[in-house]
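Here the structure comes first, spelled out in structure tokens, and everything after it is commentary.
The values are calculated or read from the model by the stated rules, or taken from the named source; none is laboratory data. Worth saying up front: this structure is predicted, and the values here are computed from it rather than measured. For neighbour counting, all protein chains shown are included, and Cβ atoms are generated from backbone atoms with ideal geometry for every residue, glycine included.
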Amino acid sequence: MIDTVMTVLILGILAAVAVPQFTGALHACRGDAAANRVIADLKLARKHAIATSSNVTVQFQLASSTYKLIGVPDLNGAAPNYEVDLSAYPYGASIESASFGGDSIVIFDFNGIPDSKGSIVVFSGTHKKTIHIDDSTAGATLP
């Protein structure tokens with residue numbers, strides 16, 4: 001009986017030490033995944049603008065941690081615009097800020113050039129990632 005109690009006590013101590021580290025790693029993975037999704041979708045918006053020779057607007061909604069690619073149809077065909085909710089599974093992340101020349105909208109013209117440079121900050125837990133968009137190279141990157 002004492003052996004069982006000691007084993008359970010040791011397992012409890014190990015779990016108490018491991019859970020915070022696991023939680024931190026989970027937030028880091030979610031933040032990285034959300035940032036990579038935003039970068040991939042910005043590249044999609046740029047490529048769609050070039051392919052269709054039309055403007056594509058990416059509109060970030062900070063309150064709901066969502067963004068829309070206006071002018072890009074939903075990949076499932078369920079909606080007229082492609083929309084992503086970063087607060088939903090598997091990301092569980094939030095958009096802290098999105099700033100492009102004073103607003104939270106970036107427009108890629110028919111050449112795939114954004115109308116302004118800017119940045120998007122996504123976070124999960126205490127893990128933050130900042131995505132930069134350069135108006136001269138039209139690239140979206142993580143520093």
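Looking only at region 126-143, how many residues end up being over 16 Å from N36 (Cα atoms) and loosely packed, with under 15 Cβ neighbours inside 10 Å?
4
What's the number of the only condition in (1) modelled with pLDDT of 95 or more; (2) small (G, A, S); (3) closer than 14 Å to V121 by Cα that G31 fails to meet?
(1)
Considering only region 103-112, how many residues are within 12 Å of V58 (Cβ to Cβ) and touching a residue at least 12 places away in the same chain (Cβ under 8 Å)?
Counting residues in region 103-112 that are within 12 Å of V58 (Cβ to Cβ) and touching a residue at least 12 places away in the same chain (Cβ under 8 Å) gives 5.
Return the residue satisfying two criteria in turn: it lies in region 72-107 and is of a type in the set (V, I, T) and under 10 Å from the mean Cα position of the chain (by Cα), and of such residues it is farthest from T52 (Cα to Cα). Spell out the reasoning first.
First, pick out the residues of region 72-107 that are of a type in the set (V, I, T): 72, 84, 95, 105-107.
In the following step, the residues that additionally are under 10 Å from the mean Cα position of the chain (by Cα) were identified as 84, 95.
Details: V84: 21, I95: 29 Å.
Per the criteria, the residue is I95.
Pairs under 6 Å by beta carbon, first residue of a type in the set (S, T, N, Q) in region 113-130, partner modelled with pLDDT of 95 or more and in a loop (DSSP other than H, G, I, E, B), six or more apart or different chains?
S124/A93
Listed here are the residues, each with its yes/no results for (1) at positive phi; (2) aliphatic (A, V, I, L, M); (3) touching an Asp or Glu at 6+ places or on another chain (Cβ under 7 Å).
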site	(1), (2), (3)
L44	no, yes, no
P73	no, no, no
A93	no, yes, no
V121	no, yes, yes
T126	no, no, no
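Give the residue that is nearest to the chain's Cα centre (by Cα), with candidates limited to residues of region 113-125 that are assigned to a loop (DSSP other than H, G, I, E, B) and either exposed (fewer than 15 other Cβ atoms within 10 Å of the Cβ) or not β-branched (V, I, T) (or both). Don't jump to the end; show me each part of the working.
Restricting attention to region 113-125, the residues satisfying the condition of being assigned to a loop (DSSP other than H, G, I, E, B) are 113, 115-117, 125.
When the remaining residues are screened for being either exposed (fewer than 15 other Cβ atoms within 10 Å of the Cβ) or not β-branched (V, I, T) (or both), the result is 115-117, 125.
Numbers: D115: 21, S116: 19, K117: 18, G125: 13 Å.
Selected residue: G125.
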